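Visitor: Sharing a structure, written as structure tokens. Questions coming.
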Amino acid sequence: MIVVDKNLELVTLTERQQKARRNRSIAIGVALAALVVIFYAVTIVRFGHHGASITGSGLLGGG
Amino acid sequence: MALADDRLMEDAGFRISEATAGDFFALLKPRVMSLVVFTAFVGLVAAPVAINPLIAIVAILAIAIGAGASGALNMWYDADIDAVMTRTASRPVPAGRVTPGEALSFGLVLSVLSVMTLGVLVNWLSASLLAFTIFFYAVIYTMWLKRWTPQNIVIGGAAGAIPPVIGWAAATGSVSLESVILFLIIFLWTPPHFWALALFKSDDYARAGIPMMPNVAGQASTRRQIFAYALILAPVGVLPWALGYTTAGYGVVSAALGAGFVWYAWKVLAMADDDRAMKPAKALFGYSLLYLFAIFAAYLVDCVVGRALMMGGV
């Protein structure tokens, strides 16, 4: 059973600290989203090349 | 709700960061990064292999982030000397906006991320070269050479010279003489560039205890060495044309740029010992930046135009 201490001391961020944290969070979010898009797009490009080379070689019945 | 006092938290070793994304971006040394991006781009475009534009962009991005990561590691380790130099005192770590631990973590995470991205999405030779560059700059140069020998930037300059080789390797999966010549141009450019800066910032370097050439060997010896490097750099800049890699157009431009470099270095050599304004050293520093940008731009234009003419059957 988890006991919650109701007298737990919490930290209230100053306005400047909140603004800085929000700024960092947005930057990390944008960077992660960009990373996902980059890996997705390059994977598509690489598979595209790979597929084309297989088709071109006649391995998939083409050519 | 009770509020914990900020002072108490700091005493207990806790600190709530007020660093913005801009402070972390400054850790990447964006100005140095722009030079790395440009030279790596030239290496990538000059390579005789067509590369998918998206993969080329990813390669350049990974190289830029890797270079930035080594800059962050440098700022973490050098925070003590950055704090006493006017040129670097406002950097995020010495100014207290970013803690050394944050800078170290940031640098390490970006190092791994950039190398892995380049390896997985482009090729492992370029990723290995990038990993070596980060290691060489952060460990060999920053932690060892910089505080130990006046040859620090001569040997350490190799790290800044590798990006065009990485760009070339990203496109071709190999390293060739052509890319090694691009490396040599930056490698030989580095000492006169930084020694020109060290001449008019020698008080700064002395205060920080960094053994730069003017502080160790004296200003006269540094001026002679700057001139000697200029004499070597000028013909090496023309080598791509002499070896048949470019057209005569590049040969003429690079020869003129090299002659300009020698002329500015000559003015530094002729500088009076008691010259406090050091205008020739400042002029050489400014010209050296222009030189590197212009010679790589000339190489890029020569490659692109030459390729376009060949495709047009001219």
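Visitor: Based on this model, can you work out whether B:ALA230 counts as in a helix (DSSP H, G or I) and at pLDDT below 95?
Guide: On the way: in a helix (DSSP H, G or I): yes; at pLDDT below 95: no.
So B:ALA230 does not fit the description; no.
Visitor: Also, I was wondering about something else. Taking only region B:16-71 into account, find how many residues are within 16 Å of B:SER90 (Cβ to Cβ), crowded, with 17+ Cβ neighbours inside 10 Å and either of a type in the set (Val, Ile, Thr) or more than 14 Å from chain A (Cβ to nearest Cβ) (or both).
Guide: Result for region B:16-71: 3.
Visitor: Please enumerate the residues belonging to region B:72-88 that are over 22 Å from B:ILE16 (Cα atoms) and open to solvent by less than 50 Å² (accessible area, probe 1.4 Å).
Guide: If the condition is that a residue be over 22 Å from B:ILE16 (Cα atoms) and open to solvent by less than 50 Å² (accessible area, probe 1.4 Å), then B:ASN74, B:ASP78, B:ILE81, B:ASP82, B:MET85, B:THR88 are the ones that fit.
Visitor: Which condition number in (1) more than 21 Å from the chain's Cα centre (by Cα); (2) among the aliphatic types (A, V, I, L, M); (3) over 30 Å from B:THR246 (Cα atoms); (4) open to solvent by 50 Å² or more (accessible area, probe 1.4 Å) is the one that B:LEU113 fails?
Guide: Of (1) more than 21 Å from the chain's Cα centre (by Cα); (2) among the aliphatic types (A, V, I, L, M); (3) over 30 Å from B:THR246 (Cα atoms); (4) open to solvent by 50 Å² or more (accessible area, probe 1.4 Å), only one is false for B:LEU113: (1).
Visitor: The conditions are (1) under 20 Å from B:VAL253 (Cβ atoms); (2) of a type in the set (A, V, I, L, M); (3) surrounded by 12 or more Cβ atoms within 10 Å (Cβ to Cβ), and B:ALA308 fails exactly one of them. Which is it?
Guide: (3)
Visitor: Follow-up question, since we're still on this one. Working carefully through the options B:GLY101, B:GLY160, find the one that is under 30 Å from B:LEU243 (Cα atoms), open to solvent by 20 Å² or more (accessible area, probe 1.4 Å) and of a type in the set (Gly, Ala, Ser).
Guide: Working: B:GLY101 fails: under 30 Å from B:LEU243 (Cα atoms).
Going through B:GLY101, B:GLY160 in turn, the sole match is B:GLY160.
Visitor: Would it be correct to say that B:THR247 is closer than 25 Å to B:PHE41 by Cβ, touching a residue at least 24 places away in the same chain (Cβ under 8 Å) and polar (S, T, N, Q)?
Guide: yes
The values are calculated or read from the model by the stated rules, or taken from the named source; none is laboratory data. These numbers come from a predicted model, not from an experiment. Using ideal geometry, Cβ is built from the backbone for each residue, glycine included, and neighbour counts are taken over all protein chains shown. Just the protein is used for accessible areas: all its heavy atoms, side chains included, with ligands, DNA and RNA removed. Shrake-Rupley method; radii C 1.70, N 1.55, O 1.52, S 1.80 Å.
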